[in-house]
Amino acid sequence: MARILIIDDSALSRRMMRAILEPAGHEVLEATDGITGLERYFLDKPELVMLDLTMTGMHGLEVLEKLREMDPAARVIVATADIQSSTRTMVAAAGATGMINKPLAAETVLQAVTEALRG
Amino acid sequence: MILTDEQKDALTELINIAFSRTAAALSDLTGHRVILNVPQVAVHPITDLQGVLAEFVGGEIASVHQIFTGPVSGDAILMLNYEGANILVDLLTEEGAGSGRLDVSGQEVLMETGNILLNACLGVFGNLLKVHVSFSVPRLHLEELNAMLDSLVIGKEELRYALVVYTTFQLRDSSVTGYLVIVLGVASLDRLLHAVEEWAQLKT
């Protein structure tokens, strides 16, 4: 079981993600924007980050870039409503461990988390 | 500006696919079956939009806007009448907001729902037409239809003419009826039609 940081400006999405992760035994931390997320990553050292892309303030890809600068081994799953193949390519090129689409499906989320933690 | 029959046919097919993806996302979110009506495609001067949309929705509305940019840019809008917005929030939160005013939490739920639905719709455009679309943070408007339409501005370019594609959807077992509208400026419309024609040729 892991400590997982959710960075998402939507309370609904954070709530949905928490409702999937906690029953699976994970400890969940939350950040409502990119800057706060970077701070929490530095302070709390989560094993995995679930990161939204389209957020107020810093865009998720920028957050991902900063996370990778802080910790090249950072494990990040991008969780976004953007279903474009080109976005998936950009996210992979930016070093994300995985990408899942919203609306969140519990099975998909947990499978991505298991694979990310295993890798 | 008038669309040829071929352009209209290809565009309607593309939009049908995109709106179906949107309906699937809404169904996943709410657990309700979503009934989607046939999309309508038309070019209108922006000044006529109020009359066009007022046929379907009147009074105070809740609309989530998502401005998108890239080779094709514009404003995508999820529109709900106020009561429908309340019911949708209830379905997603089970908090029983009823028919009162949407509070901050309800507004936030609506905004994220719009984000998911509009991304699902526009993402299909991006994938099928092989263009990358960048999304802005969604904005929620709670106001009369004409006030909302006054805010349809993309960057510095005011949208004088627009391709309007819209459909109505209904959540089975609830009275939520909504409208998806995509508004494009003429320059983007030109690029979109070019991409759609290429896509249609590849398909056949």
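The values are calculated or read from the model by the stated rules, or taken from the named source; none is laboratory data. This one's a predicted model, so the numbers in the text were calculated from it and none came from an experiment. Counting neighbours? That spans all protein chains shown, and the Cβs are built from the backbone with ideal geometry, glycine included. Ligands, DNA and RNA are excluded from the accessible area calculation, which covers all protein heavy atoms including side chains. Shrake-Rupley method; radii C 1.70, N 1.55, O 1.52, S 1.80 Å.
Computed quantities for the displayed model
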{"read-out": "Segment A:98-111 residues that are facing chain B (nearest Cβ under 8 Å) and surrounded by 19 or more Cβ atoms within 10 Å (Cβ to Cβ), paired with ones that are among the aliphatic types (A, V, I, L, M) and part of a helix (DSSP H, G or I) (beta carbon under 7 Å, 6 or more apart)", "value": "A:Lys102/B:Ile116; A:Pro103/B:Ala25; A:Pro103/B:Leu29; A:Pro103/B:Ile116"}
{"read-out": "Evaluation of A:Ala74 against (1) in a helix (DSSP H, G or I); (2) away from chain B (no Cβ under 13 Å); (3) under 12 Å from the mean Cα position of the chain (by Cα) (one fails), failing number", "value": "(1)"}
{"read-out": "Complete set of residues in segment A:10-36 that are away from chain B (no Cβ under 14 Å), open to solvent by less than 30 Å² (accessible area, probe 1.4 Å) and within 23 Å of B:Gln107 (Cβ to Cβ)", "value": "A:Ala31"}
{"read-out": "Test for A:Leu29: is it in a strand (DSSP E or B), among the aliphatic types (A, V, I, L, M), touching a residue at least 24 places away in the same chain (Cβ under 8 Å) and in contact with a Lys or Arg (Cβ under 7 Å, 6 or more places away or on another chain)", "value": "yes"}
{"read-out": "Qualifying residues in segment B:70-91 (those that are open to solvent by 30 Å² or more (accessible area, probe 1.4 Å), in a helix (DSSP H, G or I) and within 14 Å of chain A (Cβ to nearest Cβ)) - the one farthest from A:Asp82 (Cα to Cα)", "value": "B:Asp90"}
{"read-out": "Residue list for segment A:17-26, restricted to those being under 13 Å from the mean Cα position of the chain (by Cα) and in contact (Cβ under 8 Å) with a residue 60 or more places away in the chain", "value": "A:Met17, A:Leu21"}
{"read-out": "Residues located in segment A:45-71, provided they are over 15 Å from the mean Cα position of the chain (by Cα) and either more than 11 Å from chain B (Cβ to nearest Cβ) or hydrophobic (A, V, I, L, M, F, W, C) (or both)", "value": "A:Glu69, A:Met70"}
{"read-out": "Residues that are in contact with a Pro (Cβ under 7 Å, 6 or more places away or on another chain) and either more than 16 Å from B:Asn115 (Cβ to Cβ) or crowded, with 18+ Cβ neighbours inside 10 Å (or both), drawn from segment B:12-69", "value": "B:Thr12, B:Ile15, B:Asn16, B:Phe19, B:Ala25, B:Leu29, B:Val64, B:His65, B:Gln66"}
{"read-out": "Qualifying positions in segment A:77-88 - within 14 Å of chain B (Cβ to nearest Cβ) and either open to solvent by less than 50 Å² (accessible area, probe 1.4 Å) or at pLDDT 95 or above (or both)", "value": "A:Val78, A:Ala79, A:Thr80, A:Ala81, A:Asp82, A:Ile83, A:Gln84, A:Ser86, A:Thr87"}
{"read-out": "Unmet criterion (only one of (1) more than 14 Å from chain A (Cβ to nearest Cβ); (2) within 28 Å of B:His194 (Cα to Cα); (3) touching a helix residue (DSSP H, G or I) at 6+ places or on another chain (Cβ under 9 Å); (4) modelled with pLDDT of 85 or more) for B:Leu49", "value": "(4)"}
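This table checks each residue for (1) of a type in the set (Ser, Thr, Tyr); (2) surrounded by 24 or more Cβ atoms within 10 Å (Cβ to Cβ); (3) facing chain A (nearest Cβ under 9 Å).
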residue: B:Gly106; (1), (2), (3): no, no, no
residue: B:Asn115; (1), (2), (3): no, yes, yes
residue: B:Cys121; (1), (2), (3): no, yes, no
residue: B:Val124; (1), (2), (3): no, no, yes
residue: B:Leu129; (1), (2), (3): no, no, no
residue: B:His132; (1), (2), (3): no, no, yes
residue: B:Arg139; (1), (2), (3): no, no, no
residue: B:Glu143; (1), (2), (3): no, no, no
residue: B:Asn146; (1), (2), (3): no, no, no
